[in-house]
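The values are calculated or read from the model by the stated rules, or taken from the named source; none is laboratory data. The shown structure was predicted, so the numbers you read here are calculated from the model rather than taken from an experiment. Positions of Cβ are generated from backbone atoms using ideal geometry, with glycine treated the same way; all protein chains shown enter the neighbour counts.
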Amino acid sequence: MSLPTVAIVGKPNVGKSTIFNRIAGERISIVEDTPGVTRDRIYSHGEWLGHEFSMIDTGGIEIGDQPFVKQITAQAEIAIDEADVIIFMVNGKEGITNADDNIARILYRTNKPIVLAVNKVDNFESRANIYDFYSLGFGDPYPISGAHGLGLGDLLDEVIKNFDEKTEEENDDNIKFSLIGRPNVGKSSLVNAILGEDRVIVSNVAGTTRDAINTEFEQDGQEFTMVDTAGLRKRGKVYENTERYSVMRAMKAIDNSDVALIVLNAEEGIREQDKRIAGYAHEGGKGVIIIVNKWDTLKKTSKTQQEFEAGIRSQFQYLSYAPILFVSAKTKQRLSQIPDLIKRVYDNHAKRISSSMLNDVLMDAIAMTPTPSINGRKLRIYYATQVTSEPPTIVIFVNDEELMHFSYRRYIENQIREHFDFSGTPIKIISRKRK
Ligand code: GDP
Ligand code: GDP
């Protein structure tokens, strides 16, 4: 499924991040015990009346030391490029300023839907001023107050009215995957190599912008969609080289994928940005494969691969389930294994285990390592069942969920993984008190 994207644009201090955080709400909740993951507040999910969407605060994408006008120009361009619906935010306390006019002029160039939000309309009396904003030419202004949470419902009603139902539709036969990684790790080279002559390119699905966003191909009767191939091309706009933009782009691609291929550069090893993106894929419950590219560049001994793998395992501890493939886009080493590995991870991600098999494994696990006691109270495990997949989610019924410690839960997870192939997918284990 491709989530519709809403971008918020407006000059600094109008309240973009305040509104962004309000709409994102609790969804900006990052699993606290995920090491190496820092919060990124420019990209998140929102939901309104059952419509899910992704949301970008373009104000968070600063472009080096560019002058003010260049900054807001670039931010408006990002909104035009990335969004399906744009929220143009102005300050109701202040009236229209030059900076608003500048942004408006850029937004006139697009025919994407634009919803005008007039923020800081904190009380009834100040609503009178919003009529001035009709002159911007974006139709009805929506008065809101980020400080008090007023008017957001009407604003979001208008936003979702503009969603194209096609972007929200799902096509389930198709495995969607993305290549994620810092600039220069070799993503474009991998795309070209994977899409080599021996694969049939089914079609280039035209996205909402002028570029082809997704590329489909088929292998052995299985359809694959490579998400955001357009983002891999270098188009030379100023903002495209900023880290925040590429992280945002990566998050969006991950959201729209079943399986994320985290691409590392063997020459450079692992960087902070790699961890941030990988952490996002993990949290999103996506299938994950780690691809170490440029494997041809290393002078190897019999231990090189083992050592590199150990380095990855210690830096990406939360991704212990992700298979690692050492490849070279240049020499094509092991590239032919990639589609099969994606398919395997996809199947594992969607896998369902019957309750009887699951409970056999669970009871054996308890017999081997009895449940712990805390303050004289012993954890009792009654029964487990897989409640959903993508990612596989297992509920374990216990006498008291407080007694289920992280280490015992991990032990159970490891036992499950030993008996069933869940490589490449996270498993969620939830303990519930049996009533
Ligand atoms: P951004 O630069 O556009 O992301 O703006 P911020 O969200 O950082 O907000 C700028 C300032 O405006 C902060 O001090 C906010 O607390 C304040 N602010 C945001 N929304 C409102 C509002 O609805 N009413 C008032 N009075 N202040 C607001
Ligand atoms: P992207 O920015 O991640 O899309 O990276 P590119 O695909 O543009 O590759 C960046 C540079 O690395 C280019 O000069 C490629 O030729 C080179 N490159 C990509 N893959 C490999 C590889 O497997 N081995 C070697 N030696 N160079 C590679």
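Scanning region 131-148 for residues being within 13 Å of ligand 1 (Cβ to nearest atom) and free of Cβ contacts under 8 Å to residues at least 40 places away in the same chain gives a total of 3. Taking into account only those residues within region 51-106 that are assigned to a loop (DSSP other than H, G, I, E, B) and in contact with an Asp or Glu (Cβ under 8 Å, 6 or more places away or on another chain), which is nearest to V9 (Cα to Cα)? Across region 51-106, the extreme among qualifying residues is D84.
Against the list (1) at positive phi; (2) not assigned by TED's automatic domain parsing to the domain that holds I277, the condition I366 fails is (1).
Do the conditions hold for K428, that is, is it free of Cβ contacts under 8 Å to residues at least 40 places away in the same chain, more than 16 Å from ligand 1 (Cβ to nearest atom) and of a type in the set (D, E, K, R)? So K428 does not fit the description; no.
Which of the residues belonging to region 118-128 are closer than 22 Å to L156 by Cβ and either within 16 Å of ligand 2 (Cβ to nearest atom) or part of a helix (DSSP H, G or I) (or both)? If the condition is that a residue be closer than 22 Å to L156 by Cβ and either within 16 Å of ligand 2 (Cβ to nearest atom) or part of a helix (DSSP H, G or I) (or both), then S126, R127 are the ones that fit. Report yes if some residue within region 329-338 is under 24 Å from the mean Cα position of the chain (by Cα) and away from ligand 2 (no atom under 15 Å from the Cβ); otherwise report no. Within region 329-338, none of the residues are under 24 Å from the mean Cα position of the chain (by Cα) and away from ligand 2 (no atom under 15 Å from the Cβ).
To keep it simple, each residue is scored yes or no on (1) surrounded by fewer than 17 Cβ atoms within 10 Å (Cβ to Cβ); (2) more than 23 Å from E216 (Cα to Cα); (3) assigned by TED's automatic domain parsing to the domain that holds E223.
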{"residue": "W295", "(1), (2), (3)": "no, yes, yes"}
{"residue": "T304", "(1), (2), (3)": "yes, yes, yes"}
{"residue": "G311", "(1), (2), (3)": "yes, yes, yes"}
{"residue": "L319", "(1), (2), (3)": "no, yes, yes"}
{"residue": "A329", "(1), (2), (3)": "no, no, yes"}
{"residue": "R334", "(1), (2), (3)": "yes, no, yes"}
{"residue": "D340", "(1), (2), (3)": "yes, no, yes"}
{"residue": "S373", "(1), (2), (3)": "yes, yes, no"}
{"residue": "P391", "(1), (2), (3)": "no, yes, no"}
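If I go through region 14-40 residue by residue, how many of them are surrounded by fewer than 13 Cβ atoms within 10 Å (Cβ to Cβ) and at pLDDT 55 or above? Within region 14-40, residues that are surrounded by fewer than 13 Cβ atoms within 10 Å (Cβ to Cβ) and at pLDDT 55 or above number 1. For the residues F224, F217, the requirement of being farther than 16 Å from I324 by Cβ, modelled with pLDDT of 90 or more and crowded, with 16+ Cβ neighbours inside 10 Å singles out F224. Please work out if Y321 is closer than 30 Å to N192 by Cα and touching a residue at least 12 places away in the same chain (Cβ under 8 Å). In short, yes.
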